[in-house]
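Undergrad: The structure's right below; bear with me while I get my questions together.
The values are calculated or read from the model by the stated rules, or taken from the named source; none is laboratory data. Bear in mind that the values here come from a model prediction, so they are computed numbers and not experimental data. Quick reminder, even Gly has a Cβ in these numbers, built from the backbone with ideal geometry, and neighbours come from all protein chains shown.
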Amino acid sequence: MRDFPDLSRRALRDSGYSMKAAARAMNYDVAYLSRVLNGKQKPSAKLAQSLDALVNAGGALAVIVLNPDDESRVARSAAQPSRLDAGTVDALVGVLAAYRRLDDAAKPESVIPATMEQMREVTRMLKGARGTHRDSLAEVASEWVQFAGWMFAQVRNDGEAVQLLNDALELADEIGNGTLAAQALNFKGYIARRQNRPQGIARWYAAAANTPGAHPAQRIGDYLQAAAGMAELGEKESALRLVEDAERLTDKAAALPPPDTAYWLTPSFNRLNMGLCTLALGRYSEAVDHLRTGLAGLPDELRDAPWSWEHKDALRRAIEAA
């Protein structure tokens, strides 16, 4: 895959490794590593795993390198999208999952270029796709576009992010996938929060919570974040009603695993959303408890993810106000 060299170079740079230092640390010939990182030679599975471990990518870099069968299958489908098969879709799902994991470990700026290249290729493939597997590819395309929007939102390129999220929403609606549609709307709420626009926060998170087909765990988080927006607008009673809506879904969400497209939506993660909500409501001691518990409950690979910085800052503000 063309993205592996670019992602690996950027990950090494972000981790403070020169090519020579990385070669020494992994006990590899620097000339071989140079050929791989410049796209002149495909990496072995062992090298991909070694690079992954060196930069703490959580297995994501290794998964991006497709096995020969999957690589040939994807290449055939890319050349003739009308002959798309299930194996191609499965391979692309795996690559996308790796990118999502990479987002938890790497700087967004380092992942965006390869993300955009992959997104363009998948959406190009979708235009020519036919047959029974087209809708499955459309789901992958919607998630790729949505993920690209999320990445741009993190680096505050809000205009590009919103356009991509709108495109992702259209793709999700085309195939009737409420989970993906709700997630795209959720990310628009995130942008509004970064812009300090409480009306937008309340609007987009409420829209996400009430999207047909949204997962209960999504709806809990969206109701809580919509409540935070309402609280910032001074609409305390409306905010509390939204909190009650979220609490009524707790048992239902606990009985279901998080959706694959939003794997992070665990009870611990929604404690973070409750923390943001109680902070906006001025219940500072509760906010401290929720945010501390939520951050402590994150898996090790997520605790230093760039998106977690917002919650750490919220915890600091809650402690100061308590």
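Undergrad: How do the pairs read when you match residues in segment 29-42 that are within 12 Å of Leu7 (Cα to Cα) with residues anywhere that are small (Gly, Ala, Ser), using Cβ under 6 Å and keeping only pairs 6 or more apart or on different chains?
TA: Pairs that qualify, where the first residue is within 12 Å of Leu7 (Cα to Cα) and the partner is small (Gly, Ala, Ser), are Leu37/Ser8.
Undergrad: Mind counting the residues in segment 35-55 that are under 30 Å from the mean Cα position of the chain (by Cα), surrounded by 14 or more Cβ atoms within 10 Å (Cβ to Cβ) and part of a helix (DSSP H, G or I)?
TA: Total meeting the criteria: 10.
Undergrad: Just to be sure I understand the filter: pairs with C-beta atoms under 9 Å, separated by 6 or more residues or on different chains, first member in segment 149-170 and over 10 Å from Pro108 (Cβ atoms) and in contact (Cβ under 8 Å) with a residue 12 or more places away in the chain, second member assigned to a helix (DSSP H, G or I) and among the acidic types (Asp, Glu). Which pairs pass?
TA: Once the first residue is over 10 Å from Pro108 (Cβ atoms) and in contact (Cβ under 8 Å) with a residue 12 or more places away in the chain and sits in segment 149-170, its partners that are assigned to a helix (DSSP H, G or I) and among the acidic types (Asp, Glu) give Gly149/Glu160; Gly149/Asp167; Ala168/Glu143.
Undergrad: Since Thr132 meets every condition but one in (1) in a helix (DSSP H, G or I); (2) out of contact with any Phe, Trp or Tyr (no Cβ under 7 Å at 6 or more places or on another chain), which condition does it not meet?
TA: For Thr132, the exception is condition (1).
Undergrad: Considering each of Ala202, Ala305 in turn, give the residue that is in contact (Cβ under 8 Å) with a residue 40 or more places away in the chain and either of a type outside the set (S, T, N, Q) or more than 30 Å from Leu92 (Cα to Cα) (or both).
TA: Ala305
Undergrad: Do we have Ala91 as surrounded by 14 or more Cβ atoms within 10 Å (Cβ to Cβ) and farther than 17 Å from Val145 by Cβ here?
TA: Against the criterion (surrounded by 14 or more Cβ atoms within 10 Å (Cβ to Cβ) and farther than 17 Å from Val145 by Cβ), Ala91 qualifies.
Undergrad: Conditions: (1) farther than 25 Å from Pro113 by Cβ; (2) at pLDDT below 95. Lys127 meets all but one. Number of the miss?
TA: With respect to (1) farther than 25 Å from Pro113 by Cβ; (2) at pLDDT below 95, Lys127 is out only on (1).
Undergrad: Out of everything in segment 94-114 that is assigned to a loop (DSSP other than H, G, I, E, B) and surrounded by 22 or more Cβ atoms within 10 Å (Cβ to Cβ), what residue ends up being modelled with the highest pLDDT?
TA: Only one residue tops the list, namely Ala106.
Undergrad: Right, here's the next one. Taking the criterion of being without any contact (Cβ under 8 Å) to a residue 40 or more places away in the chain, of a type in the set (Val, Ile, Thr) and either over 27 Å from Ala153 (Cα atoms) or buried (at least 21 other Cβ atoms within 10 Å of the Cβ) (or both), would at least one residue in segment 258-265 satisfy it?
TA: Checking segment 258-265: not a single residue is without any contact (Cβ under 8 Å) to a residue 40 or more places away in the chain, of a type in the set (Val, Ile, Thr) and either over 27 Å from Ala153 (Cα atoms) or buried (at least 21 other Cβ atoms within 10 Å of the Cβ) (or both).
Undergrad: May I pose another question? Kindly indicate whether any position in segment 72-79 is of a type in the set (Val, Ile, Thr), surrounded by fewer than 19 Cβ atoms within 10 Å (Cβ to Cβ) and either free of Cβ contacts under 8 Å to residues at least 24 places away in the same chain or at positive phi (or both).
TA: Checked segment 72-79: no residue is of a type in the set (Val, Ile, Thr), surrounded by fewer than 19 Cβ atoms within 10 Å (Cβ to Cβ) and either free of Cβ contacts under 8 Å to residues at least 24 places away in the same chain or at positive phi (or both).
Undergrad: Among the residues of segment 1-58, write down those that are at pLDDT 90 or above and aromatic (Phe, Trp, Tyr).
TA: Matches in segment 1-58: Tyr17, Tyr28, Tyr32.
Quick grid of which residues meet (1) among the basic types (Lys, Arg); (2) surrounded by 19 or more Cβ atoms within 10 Å (Cβ to Cβ):
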site	(1), (2)
Leu276	no, yes
Val288	no, yes
Arg292	yes, no
Leu315	no, yes
Ala321	no, no
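Undergrad: Restricting attention to segment 123-145, which residues are hydrophobic (A, V, I, L, M, F, W, C) and under 24 Å from Ala161 (Cα atoms)?
TA: Across segment 123-145, the qualifying residues are Met125, Leu126, Leu137, Ala138, Val140, Ala141, Trp144, Val145.
Undergrad: State all residues of segment 148-170 that are touching a Pro at 6+ places or on another chain (Cβ under 7 Å), part of a helix (DSSP H, G or I) and hydrophobic (A, V, I, L, M, F, W, C); if no residue qualifies, say none.
TA: Selection gives Met151 alone.
Undergrad: Now for a separate question. Which ones in segment 171-186 are in a helix (DSSP H, G or I), surrounded by fewer than 23 Cβ atoms within 10 Å (Cβ to Cβ) and without any contact (Cβ under 8 Å) to a residue 60 or more places away in the chain?
TA: The answer is Asp173, Glu174, Gly178.
Undergrad: Separate question: Checking the conditions here, which among Leu249, Leu295, Leu272 is closer than 21 Å to Phe147 by Cβ, aliphatic (A, V, I, L, M) and in contact (Cβ under 8 Å) with a residue 12 or more places away in the chain?
TA: Result: Leu272 is the single residue among Leu249, Leu295, Leu272 that is closer than 21 Å to Phe147 by Cβ, aliphatic (A, V, I, L, M) and in contact (Cβ under 8 Å) with a residue 12 or more places away in the chain.
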